[in-house]
Structure formats: structure tokens, C-alpha cells
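Below you'll find the structure, written out as C-alpha cells, and then a few comments.
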Amino acid sequence: MQKLLTRVAQANTLLCVGLDPTGSDEDVTRRLPQVIAETAPYAAAFKPNLAFFLSRDNGTQLLRQVVAAVPDGIPVILDGKFGDIANTAMHYAQFAYDVVGA
């Protein structure tokens, strides 16, 4: 949370850029880094929607690439509905932090 508050103060913005990719994997691989680069100066955070990534054959790898494209200092908020029992929630958290690197 502190990373987000710091970014909001530094960039003087509340803009959270949602990343809900559609189209082929090739189009997404080409387009999302461009969207991130063009909106980063105005963004408080980027928010990839996990459902749009996890439904793809190589969605986890694509999500990692997207997270890596976000400049340092700008938080990534993974948009996932993980309201489940503690054991399951722990696995979702492990996926978010350890696998994706958010």
C-alpha cells in the first residue's frame, strides 16, 4: 500500500490503468507494452485483470511480461477475485507474488 501512496504523491495522480487484453497473444504482446509506456507518466498504478491472462494458453508468461514492462516505482495491482478459504487464498497470493512477481 505504501508503494501506491508514494506513487500517488509523486505523480500527483489517481489514475489506475486497467489492462484487460483482448485479441491474439501476438497482438497483446505487441500492444500492452506500448499502452504501458504511453500511460506510465500519468498512472498511479497498473491493474491487469487476471481472468484475461489466465484464460490464455501462455497467459502466465504474458502476465509476467506485462508486469516486467511496468516502470519501477509504479505498483501493479492484480485484479482477481480471490475471496476464498484461507488455504486457497494462500495459493492465490503465492501465484501473485512468487510466480508473477507483482
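Here are some notes:
- ALA96 vs. criteria at pLDDT below 95 and of a type outside the set (S, T, N, Q): yes
Residue by residue, here is whether (1) in contact (Cβ under 8 Å) with a residue 12 or more places away in the chain; (2) surrounded by fewer than 16 Cβ atoms within 10 Å (Cβ to Cβ); (3) closer than 16 Å to ALA102 by Cα; (4) touching a Ser or Thr at 6+ places or on another chain (Cβ under 7 Å) holds:
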residue	(1), (2), (3), (4)
LYS3	yes, yes, yes, no
GLN10	yes, yes, no, no
LEU15	yes, yes, no, no
GLY18	yes, yes, yes, no
ASP25	yes, yes, no, no
VAL28	yes, no, no, no
ARG31	no, yes, no, no
ILE36	yes, no, yes, no
PRO41	yes, yes, no, no
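- Of all the residues in segment 49-102, those that are of a type in the set (S, T, N, Q), farther than 30 Å from GLN10 by Cβ and in contact with a helix residue (DSSP H, G or I) (Cβ under 8 Å, 6 or more places away or on another chain) number 2.
Residue-by-condition table, conditions (1) in a helix (DSSP H, G or I); (2) crowded, with 16+ Cβ neighbours inside 10 Å; (3) among the basic types (Lys, Arg):
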{"residue": "PHE52", "(1), (2), (3)": "yes, yes, no"}
{"residue": "LEU62", "(1), (2), (3)": "yes, yes, no"}
{"residue": "GLN65", "(1), (2), (3)": "yes, no, no"}
{"residue": "ALA68", "(1), (2), (3)": "yes, no, no"}
{"residue": "GLY73", "(1), (2), (3)": "no, no, no"}
{"residue": "GLY83", "(1), (2), (3)": "no, no, no"}
{"residue": "TYR92", "(1), (2), (3)": "yes, yes, no"}
{"residue": "VAL99", "(1), (2), (3)": "yes, no, no"}
{"residue": "ALA102", "(1), (2), (3)": "no, yes, no"}
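The values are calculated or read from the model by the stated rules, or taken from the named source; none is laboratory data. Only a predicted model underlies this, so the values are computations on that prediction, with no experimental measurement involved. Backbone-built Cβ (ideal geometry, glycine too); neighbour counts: all protein chains shown.
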